[in-house]
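Below is one structure, written out as C-alpha coordinates; comments come after it.
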Amino acid sequence: MTQAIIEADGTVLNLDGARYHALWLRDNALDPDTRDPANGQRLITLNDLPAQVTLSDVAVEEDVLRCTFAPEDKTVRFPLSWLSAHCYDRADDDRLLPPGVETWTADLGSALFSGDLSAMKTDRGALRDWLAAVRRHGVAKVTGMRAEPQELFEIVALFGYVRETNYGRHFEVRTEVNPVNLAYTGLGLQAHTDNPYRDPVPTLQILACLENSATGGENMVVDGFAVTEQLRAEDPAGFDLLTRHTARFSYSGSAGVALTSRRPVIETAPDGGLQAIRFNARSAAPLVDVPFEAMEGYYRALRRFSELVDDPAMQITFKLAPGEAFIVDNTRVLHARKGYSGAGHRWLQGCYADRDGLLSTLAALEATS
(Lines give C-alpha, C1' and ligand atoms only; values in the text may rest on other atoms or scores of the structure.)
Protein backbone atom coordinates (compact mmCIF):
# COMPACT_ATOMS: atom_id res chain seq x y z
CA MET A 1 0.00 0.00 0.00
CA THR A 2 1.39 3.40 -1.01
CA GLN A 3 2.50 5.59 1.90
CA ALA A 4 2.70 9.38 1.67
CA ILE A 5 4.58 11.20 4.44
CA ILE A 6 5.27 14.92 4.84
CA GLU A 7 8.88 15.64 5.85
CA ALA A 8 11.30 18.54 6.41
CA ASP A 9 8.74 20.92 7.92
CA GLY A 10 6.34 20.44 5.04
CA THR A 11 8.81 21.12 2.24
CA VAL A 12 9.20 17.48 1.15
CA LEU A 13 6.83 14.63 0.31
CA ASN A 14 8.07 11.07 0.78
CA LEU A 15 6.07 8.71 -1.41
CA ASP A 16 7.19 5.14 -0.75
CA GLY A 17 10.78 6.35 -0.51
CA ALA A 18 10.69 8.65 -3.52
CA ARG A 19 11.00 12.28 -2.47
CA TYR A 20 9.36 15.31 -4.10
CA HIS A 21 9.79 18.92 -3.07
CA ALA A 22 6.58 20.75 -2.21
CA LEU A 23 7.57 23.60 -4.54
CA TRP A 24 8.10 21.15 -7.41
CA LEU A 25 4.69 19.58 -6.82
CA ARG A 26 2.95 22.96 -6.69
CA ASP A 27 4.77 24.19 -9.80
CA ASN A 28 3.69 21.06 -11.69
CA ALA A 29 0.10 20.94 -10.46
CA LEU A 30 -2.26 19.42 -13.02
CA ASP A 31 -5.35 21.46 -12.13
CA PRO A 32 -7.04 23.75 -14.71
CA ASP A 33 -5.88 26.90 -12.90
CA THR A 34 -2.25 25.87 -13.38
CA ARG A 35 -2.33 24.19 -16.79
CA ASP A 36 -4.69 24.69 -19.69
CA PRO A 37 -6.86 21.55 -19.94
CA ALA A 38 -6.95 21.73 -23.74
CA ASN A 39 -3.26 22.07 -24.60
CA GLY A 40 -1.45 21.35 -21.33
CA GLN A 41 0.47 24.62 -21.36
CA ARG A 42 1.30 26.32 -18.10
CA LEU A 43 -0.93 29.25 -17.08
CA ILE A 44 1.29 30.56 -14.31
CA THR A 45 4.89 31.61 -13.85
CA LEU A 46 7.11 30.75 -10.92
CA ASN A 47 6.69 34.30 -9.67
CA ASP A 48 2.96 33.66 -9.23
CA LEU A 49 3.68 31.13 -6.46
CA PRO A 50 4.38 31.96 -2.82
CA ALA A 51 8.05 32.32 -1.95
CA GLN A 52 7.70 29.49 0.57
CA VAL A 53 5.49 26.56 -0.47
CA THR A 54 4.75 23.76 1.98
CA LEU A 55 2.44 20.77 2.20
CA SER A 56 -0.22 20.96 4.89
CA ASP A 57 -1.92 17.66 4.09
CA VAL A 58 -1.48 14.63 1.79
CA ALA A 59 -3.48 11.45 1.28
CA VAL A 60 -3.49 8.54 -1.12
CA GLU A 61 -6.92 7.89 -2.62
CA GLU A 62 -6.74 4.64 -4.62
CA ASP A 63 -4.44 5.53 -7.56
CA VAL A 64 -4.31 9.27 -6.89
CA LEU A 65 -2.34 11.42 -4.46
CA ARG A 66 -4.22 14.38 -2.97
CA CYS A 67 -2.03 17.31 -1.86
CA THR A 68 -2.98 20.50 -0.04
CA PHE A 69 -0.50 23.38 -0.22
CA ALA A 70 0.09 26.22 2.24
CA PRO A 71 -0.18 29.12 2.46
CA GLU A 72 -2.63 29.02 -0.51
CA ASP A 73 -4.78 26.26 1.02
CA LYS A 74 -4.95 24.85 -2.50
CA THR A 75 -5.70 21.17 -3.10
CA VAL A 76 -4.64 19.32 -6.25
CA ARG A 77 -4.47 15.67 -7.26
CA PHE A 78 -1.73 13.72 -9.02
CA PRO A 79 -2.11 10.26 -10.55
CA LEU A 80 0.43 7.98 -8.87
CA SER A 81 1.49 6.78 -12.32
CA TRP A 82 2.28 10.38 -13.32
CA LEU A 83 4.42 10.91 -10.22
CA SER A 84 6.30 7.67 -10.87
CA ALA A 85 6.96 8.65 -14.49
CA HIS A 86 8.30 12.04 -13.41
CA CYS A 87 10.28 10.98 -10.35
CA TYR A 88 13.62 12.81 -10.07
CA ASP A 89 14.78 11.30 -6.77
CA ARG A 90 17.05 8.55 -8.04
CA ALA A 91 20.65 7.54 -7.65
CA ASP A 92 23.01 8.69 -10.39
CA ASP A 93 23.59 5.64 -12.59
CA ASP A 94 26.26 7.24 -14.80
CA ARG A 95 23.99 6.62 -17.76
CA LEU A 96 25.56 7.83 -20.98
CA LEU A 97 22.69 7.07 -23.37
CA PRO A 98 19.33 8.84 -23.69
CA PRO A 99 16.25 6.82 -22.68
CA GLY A 100 15.04 4.37 -25.30
CA VAL A 101 18.35 4.32 -27.18
CA GLU A 102 20.26 1.09 -27.84
CA THR A 103 23.76 1.09 -29.29
CA TRP A 104 24.77 -1.39 -31.96
CA THR A 105 27.72 -2.66 -33.97
CA ALA A 106 28.04 -4.74 -37.15
CA ASP A 107 26.12 -7.54 -35.43
CA LEU A 108 22.86 -5.66 -36.01
CA GLY A 109 23.41 -6.36 -39.72
CA SER A 110 20.43 -8.08 -41.34
CA ALA A 111 18.26 -7.18 -38.34
CA LEU A 112 18.31 -3.50 -39.36
CA PHE A 113 14.65 -2.49 -39.24
CA SER A 114 12.89 -1.90 -42.55
CA GLY A 115 9.45 -0.44 -43.14
CA ASP A 116 7.27 -0.64 -46.26
CA LEU A 117 6.26 2.84 -47.38
CA SER A 118 2.77 1.84 -48.51
CA ALA A 119 2.08 0.03 -45.26
CA MET A 120 3.32 2.94 -43.16
CA LYS A 121 0.99 5.33 -44.98
CA THR A 122 -2.10 3.34 -44.00
CA ASP A 123 -1.16 1.31 -40.90
CA ARG A 124 -0.52 3.33 -37.74
CA GLY A 125 1.08 0.31 -36.09
CA ALA A 126 3.55 -0.14 -38.95
CA LEU A 127 4.47 3.54 -38.82
CA ARG A 128 4.84 3.46 -35.04
CA ASP A 129 7.18 0.47 -35.20
CA TRP A 130 9.36 2.11 -37.87
CA LEU A 131 9.58 5.41 -35.99
CA ALA A 132 10.43 3.53 -32.79
CA ALA A 133 13.27 1.76 -34.60
CA VAL A 134 14.68 5.11 -35.70
CA ARG A 135 14.53 6.33 -32.10
CA ARG A 136 16.09 3.12 -30.81
CA HIS A 137 18.90 2.58 -33.33
CA GLY A 138 19.14 5.94 -35.08
CA VAL A 139 18.77 4.28 -38.49
CA ALA A 140 16.17 2.32 -40.45
CA LYS A 141 15.47 1.35 -44.06
CA VAL A 142 12.44 1.93 -46.27
CA THR A 143 11.19 -0.31 -49.06
CA GLY A 144 8.23 -0.20 -51.43
CA MET A 145 8.99 3.22 -52.88
CA ARG A 146 8.59 4.27 -56.47
CA ALA A 147 12.04 4.79 -57.99
CA GLU A 148 11.11 8.29 -59.07
CA PRO A 149 12.54 11.76 -58.35
CA GLN A 150 11.39 13.39 -55.10
CA GLU A 151 9.64 10.23 -53.89
CA LEU A 152 11.74 10.59 -50.73
CA PHE A 153 9.47 13.47 -49.69
CA GLU A 154 6.79 10.83 -49.07
CA ILE A 155 8.97 9.44 -46.28
CA VAL A 156 9.31 12.82 -44.59
CA ALA A 157 5.56 13.39 -44.89
CA LEU A 158 5.02 10.40 -42.59
CA PHE A 159 6.24 12.42 -39.61
CA GLY A 160 7.23 16.00 -40.41
CA TYR A 161 8.66 18.49 -42.86
CA VAL A 162 11.65 18.82 -45.16
CA ARG A 163 14.47 21.02 -43.86
CA GLU A 164 15.64 23.14 -46.79
CA THR A 165 19.30 24.21 -46.94
CA ASN A 166 21.66 25.87 -49.40
CA TYR A 167 21.67 22.50 -51.22
CA GLY A 168 17.96 23.00 -51.90
CA ARG A 169 14.86 21.15 -50.80
CA HIS A 170 16.66 17.99 -51.89
CA PHE A 171 20.04 17.17 -53.38
CA GLU A 172 21.31 14.77 -56.02
CA VAL A 173 23.99 12.23 -55.12
CA ARG A 174 25.67 11.28 -58.37
CA THR A 175 28.92 12.07 -60.15
CA GLU A 176 29.30 15.70 -61.27
CA VAL A 177 31.99 17.62 -63.12
CA ASN A 178 33.62 20.21 -60.79
CA PRO A 179 31.42 19.18 -57.86
CA VAL A 180 30.65 21.63 -55.05
CA ASN A 181 30.85 18.75 -52.59
CA LEU A 182 32.92 15.53 -52.61
CA ALA A 183 29.68 13.60 -52.05
CA TYR A 184 28.96 14.26 -55.73
CA THR A 185 31.89 12.18 -56.95
CA GLY A 186 32.62 8.46 -57.16
CA LEU A 187 35.10 8.65 -54.30
CA GLY A 188 34.63 6.54 -51.21
CA LEU A 189 33.69 8.57 -48.14
CA GLN A 190 34.59 7.91 -44.51
CA ALA A 191 31.61 7.55 -42.21
CA HIS A 192 30.54 11.02 -41.11
CA THR A 193 27.69 13.16 -39.88
CA ASP A 194 26.33 15.62 -42.43
CA ASN A 195 26.61 19.39 -42.30
CA PRO A 196 28.60 19.73 -39.04
CA TYR A 197 29.35 23.29 -40.18
CA ARG A 198 25.67 24.18 -39.79
CA ASP A 199 24.21 25.30 -36.47
CA PRO A 200 21.84 23.73 -35.80
CA VAL A 201 22.59 20.71 -37.94
CA PRO A 202 19.76 18.92 -39.74
CA THR A 203 18.94 16.15 -37.31
CA LEU A 204 17.64 13.62 -39.85
CA GLN A 205 18.86 12.66 -43.30
CA ILE A 206 17.06 10.48 -45.87
CA LEU A 207 18.81 8.94 -48.88
CA ALA A 208 16.64 7.28 -51.54
CA CYS A 209 17.86 5.17 -54.45
CA LEU A 210 16.63 5.75 -58.01
CA GLU A 211 19.36 3.82 -59.83
CA ASN A 212 22.26 1.69 -58.62
CA SER A 213 23.82 -0.39 -61.39
CA ALA A 214 27.41 0.80 -60.83
CA THR A 215 30.03 -1.49 -59.34
CA GLY A 216 30.61 -0.57 -55.69
CA GLY A 217 28.94 2.35 -53.99
CA GLU A 218 27.64 0.34 -51.02
CA ASN A 219 26.31 2.40 -48.12
CA MET A 220 27.67 1.99 -44.61
CA VAL A 221 26.37 3.20 -41.26
CA VAL A 222 28.16 3.43 -37.91
CA ASP A 223 26.62 4.09 -34.49
CA GLY A 224 28.50 7.10 -33.17
CA PHE A 225 27.15 6.46 -29.68
CA ALA A 226 28.64 2.94 -29.73
CA VAL A 227 31.97 4.40 -30.87
CA THR A 228 31.79 6.91 -28.03
CA GLU A 229 31.04 4.21 -25.45
CA GLN A 230 34.06 2.24 -26.66
CA LEU A 231 36.31 5.30 -26.53
CA ARG A 232 35.20 6.18 -23.01
CA ALA A 233 35.86 2.60 -21.86
CA GLU A 234 39.36 2.62 -23.37
CA ASP A 235 40.40 6.20 -22.66
CA PRO A 236 38.26 8.21 -20.22
CA ALA A 237 40.69 11.13 -20.38
CA GLY A 238 40.53 11.19 -24.18
CA PHE A 239 36.73 11.03 -24.06
CA ASP A 240 36.79 14.00 -21.71
CA LEU A 241 38.99 15.99 -24.10
CA LEU A 242 36.59 15.45 -27.01
CA THR A 243 33.65 16.58 -24.90
CA ARG A 244 35.33 19.51 -23.16
CA HIS A 245 36.99 21.26 -26.12
CA THR A 246 35.28 22.48 -29.26
CA ALA A 247 36.22 21.53 -32.78
CA ARG A 248 35.52 23.79 -35.75
CA PHE A 249 33.87 22.94 -39.05
CA SER A 250 33.50 24.99 -42.22
CA TYR A 251 32.09 24.85 -45.75
CA SER A 252 32.33 27.40 -48.55
CA GLY A 253 32.08 25.22 -51.66
CA SER A 254 29.17 27.12 -53.21
CA ALA A 255 29.03 30.75 -54.32
CA GLY A 256 27.69 32.98 -51.58
CA VAL A 257 27.96 30.30 -48.89
CA ALA A 258 30.38 30.43 -45.95
CA LEU A 259 29.16 28.20 -43.12
CA THR A 260 31.04 27.66 -39.86
CA SER A 261 30.31 26.11 -36.49
CA ARG A 262 32.12 25.65 -33.20
CA ARG A 263 30.98 22.51 -31.39
CA PRO A 264 32.58 19.50 -29.69
CA VAL A 265 32.98 16.21 -31.55
CA ILE A 266 31.14 14.55 -28.65
CA GLU A 267 28.43 16.75 -27.17
CA THR A 268 27.09 15.92 -23.72
CA ALA A 269 24.44 17.38 -21.46
CA PRO A 270 25.37 18.88 -18.07
CA ASP A 271 24.55 15.53 -16.46
CA GLY A 272 27.00 13.75 -18.77
CA GLY A 273 24.42 12.13 -21.05
CA LEU A 274 25.22 11.90 -24.74
CA GLN A 275 23.49 14.43 -26.93
CA ALA A 276 25.21 14.54 -30.31
CA ILE A 277 28.19 13.53 -32.42
CA ARG A 278 29.81 15.81 -35.02
CA PHE A 279 32.44 14.05 -37.08
CA ASN A 280 33.36 14.88 -40.66
CA ALA A 281 37.00 14.89 -41.78
CA ARG A 282 36.14 16.66 -45.05
CA SER A 283 34.63 19.64 -43.26
CA ALA A 284 37.04 19.90 -40.32
CA ALA A 285 38.61 23.33 -39.87
CA PRO A 286 41.88 23.96 -37.97
CA LEU A 287 41.64 23.26 -34.25
CA VAL A 288 42.12 26.56 -32.44
CA ASP A 289 40.09 26.04 -29.26
CA VAL A 290 42.22 23.29 -27.73
CA PRO A 291 44.92 24.58 -25.35
CA PHE A 292 48.53 23.86 -26.31
CA GLU A 293 48.98 21.53 -23.32
CA ALA A 294 45.96 19.44 -24.36
CA MET A 295 46.51 19.34 -28.13
CA GLU A 296 48.55 16.11 -28.31
CA GLY A 297 46.08 14.26 -26.12
CA TYR A 298 43.18 15.66 -28.11
CA TYR A 299 44.65 14.45 -31.40
CA ARG A 300 45.34 11.05 -29.89
CA ALA A 301 41.70 10.72 -28.78
CA LEU A 302 40.40 12.00 -32.13
CA ARG A 303 42.59 9.51 -34.02
CA ARG A 304 41.25 6.67 -31.88
CA PHE A 305 37.68 7.85 -32.50
CA SER A 306 38.45 7.84 -36.24
CA GLU A 307 39.96 4.34 -36.04
CA LEU A 308 36.84 3.03 -34.32
CA VAL A 309 34.64 4.63 -36.99
CA ASP A 310 36.68 2.79 -39.66
CA ASP A 311 36.58 -0.55 -37.82
CA PRO A 312 34.50 -3.06 -39.86
CA ALA A 313 33.22 -4.47 -36.57
CA MET A 314 31.39 -1.17 -36.07
CA GLN A 315 29.90 -0.94 -39.57
CA ILE A 316 26.76 -2.19 -41.26
CA THR A 317 27.11 -2.30 -45.05
CA PHE A 318 24.28 -2.63 -47.57
CA LYS A 319 23.56 -1.75 -51.19
CA LEU A 320 20.31 0.03 -51.91
CA ALA A 321 18.14 -1.14 -54.78
CA PRO A 322 15.96 1.28 -56.76
CA GLY A 323 12.89 2.02 -54.65
CA GLU A 324 14.73 1.64 -51.34
CA ALA A 325 15.92 4.30 -48.92
CA PHE A 326 17.35 4.73 -45.46
CA ILE A 327 17.09 7.35 -42.75
CA VAL A 328 19.70 8.27 -40.15
CA ASP A 329 19.66 10.34 -37.00
CA ASN A 330 22.31 12.82 -38.10
CA THR A 331 23.20 13.69 -34.51
CA ARG A 332 24.19 10.10 -33.81
CA VAL A 333 24.63 7.75 -36.78
CA LEU A 334 27.51 8.29 -39.20
CA HIS A 335 26.99 7.23 -42.80
CA ALA A 336 29.46 6.45 -45.57
CA ARG A 337 29.76 4.89 -48.97
CA LYS A 338 32.33 2.83 -50.78
CA GLY A 339 33.85 4.14 -53.99
CA TYR A 340 32.29 3.22 -57.31
CA SER A 341 33.36 3.37 -60.93
CA GLY A 342 33.08 1.57 -64.27
CA ALA A 343 29.93 0.69 -66.12
CA GLY A 344 26.49 1.45 -64.78
CA HIS A 345 25.04 4.40 -62.91
CA ARG A 346 24.42 5.36 -59.29
CA TRP A 347 21.74 7.94 -58.55
CA LEU A 348 20.50 8.72 -55.07
CA GLN A 349 18.47 11.68 -53.87
CA GLY A 350 18.76 13.04 -50.37
CA CYS A 351 16.96 15.48 -48.13
CA TYR A 352 17.00 16.62 -44.54
CA ALA A 353 14.31 16.75 -41.89
CA ASP A 354 14.17 17.28 -38.14
CA ARG A 355 13.97 14.74 -35.38
CA ASP A 356 11.52 16.66 -33.20
CA GLY A 357 8.74 15.98 -35.72
CA LEU A 358 9.59 12.28 -35.82
CA LEU A 359 9.64 11.98 -32.03
CA SER A 360 6.42 13.99 -31.72
CA THR A 361 4.61 11.74 -34.19
CA LEU A 362 5.94 8.65 -32.42
CA ALA A 363 4.85 9.93 -28.99
CA ALA A 364 1.36 10.66 -30.30
CA LEU A 365 1.09 7.19 -31.83
CA GLU A 366 2.33 5.52 -28.66
CA ALA A 367 -0.15 7.50 -26.55
CA THR A 368 -3.07 6.17 -28.57
CA SER A 369 -1.92 2.60 -29.17
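The values are calculated or read from the model by the stated rules, or taken from the named source; none is laboratory data. These numbers were taken from a predicted model, which means no experiment stands behind them. Note: ideal-geometry Cβ built from the backbone for every residue, glycine included; neighbour counts use all protein chains shown. Please note that ligands, DNA and RNA were not included when accessible areas were found on the heavy atoms of the full protein model with its side chains. Shrake-Rupley method; radii C 1.70, N 1.55, O 1.52, S 1.80 Å.
Roughly speaking, what is the stretch gain from H345 to D33, that is 0.36 nm per residue apart minus the C-alpha to C-alpha distance, in nm to one decimal?
106.0 nm
Take the eigenvalues of the Cα gyration tensor for the stretch 61-220, scale each by 5, and report the square roots as semi-axes in whole Å, largest first.
That gives 44, 19, 18 Å for the three semi-axes.
Scan around L97 for amide H atoms under 5 Å from its own, H built in the peptide plane at 1.01 Å from N, and keep only partners 5 or more places away or cross-chain.
Placed amide hydrogens put L274 under 5 Å from L97.
So, by mean Cβ neighbours within 10 angstrom, what's the order for 75-87, 237-249 with the highest one leading?
237-249, 75-87
Given a cut-off of under 8 Å on Cα pairs at least six residues apart, what relative contact order in percent is computed for the chain?
Relative contact order for the chain comes out at 23 percent.
For the stretch 264-369, would you read off the P(r) tail past 23 Å as a percentage of all alpha carbon pairs?
51 percent
With each run of n ≥ 4 DSSP H residues scored as -39500 (n - 2.57), what mean residue ellipticity at 222 nm is computed for the chain after dividing by its residue count and rounding to the nearest 500 deg cm²/dmol?
Only helices count here, giving -7000 deg cm²/dmol.
For labels at S213 and D57 in the simple 7 Å Cα→Cβ model, what's the distance in nm?
Here the modelled spin labels are 8.1 nm apart.
Could you look at the chain and say what percent of its accessible area is carbon and sulfur, using a 1.4 Å probe and all protein chains?
On the chain, the fraction of accessible area on carbon and sulfur atoms equals 49 percent.
Using a basic spin-label model with each label point 7 Å from the Cα along Cα→Cβ, how many nm lie between D116 and A285?
Once both label points are built, they end up 4.8 nm from each other.
Tell me, what is the per residue accessible area of the chain in Å², probe radius 1.4 Å?
Per residue, the chain has 49 Å² of solvent-accessible surface.
So what J values fall out for the stretch 38-49 if you push phi through Karplus, 6.51 cos²θ - 1.76 cosθ + 1.60 with θ = phi - 60°, rounded to Hz, Gly and Pro as x?
Working through the residues one at a time gives 7, 10, x, 7, 6, 9, 10, 10, 4, 5, 7, 8 Hz.
Report the FRET efficiency, 1/(1 + (r/R0)^6), for S250 and E172, where r is their Cβ-Cβ distance and R0 is 25 Å, rounded to 0.05.
0.60
Nearest 5 is fine: what % of DSSP beta bridges in the chain come out antiparallel, could you say?
95 percent
State, to one decimal in nm, how far the label point of Y88 lies from the label point of Q41, with both points 7 Å from Cα in the Cβ direction.
2.3 nm
Take the Cβ-Cβ distance between T11 and D271 as r, set R0 to 35 Å, and report the resulting FRET efficiency rounded to the nearest 0.05.
Computed FRET efficiency for T11 and D271: 0.90.
Quick one: how many Å² of E151 are accessible to a 1.4 Å probe, rounded to 10?
10 Å²
Within the stretch 144-173, whose backbone N sits under 12 Å from a point 7 Å along Cα→Cβ of A126?
Within reach of a label on A126: 144-145.
If you take all C-alpha pairs in the chain, what percent of them are over 40 Å apart?
Cα-Cα pairs of the chain separated by over 40 Å account for 29 percent.
What accessible surface, in Å², does a 1.4 Å probe find on V162, ignoring ligands, DNA and RNA and rounding to the nearest 10?
Accessible surface of V162 is approximately 30 Å².
If you average the alpha carbon positions of the stretch 75-110 and of the stretch 276-329, how far apart do those two centres end up, in angstrom?
First find each Cα centre; the distance between them is then 27 Å.
Between R300 and T143, what is 0.36 nm times their sequence separation minus the Cα-Cα distance? Round to one decimal in nm.
Gain in length upon complete extension: 52.4 nm.
To the nearest 0.05, how large is the calculated FRET efficiency for R77 and A106 if R₀ is 56 Å and r is the Cβ-Cβ distance?
Calculated value: 0.65.
Which whole-percent values make up P(r) of the stretch 171-304 when all C-alpha to C-alpha distances are grouped in 5 Å steps starting at zero?
Answer for the stretch 171-304: a P(r) of 2, 9, 17, 21, 19, 14, 10, 6, 3, 0, 0 percent.
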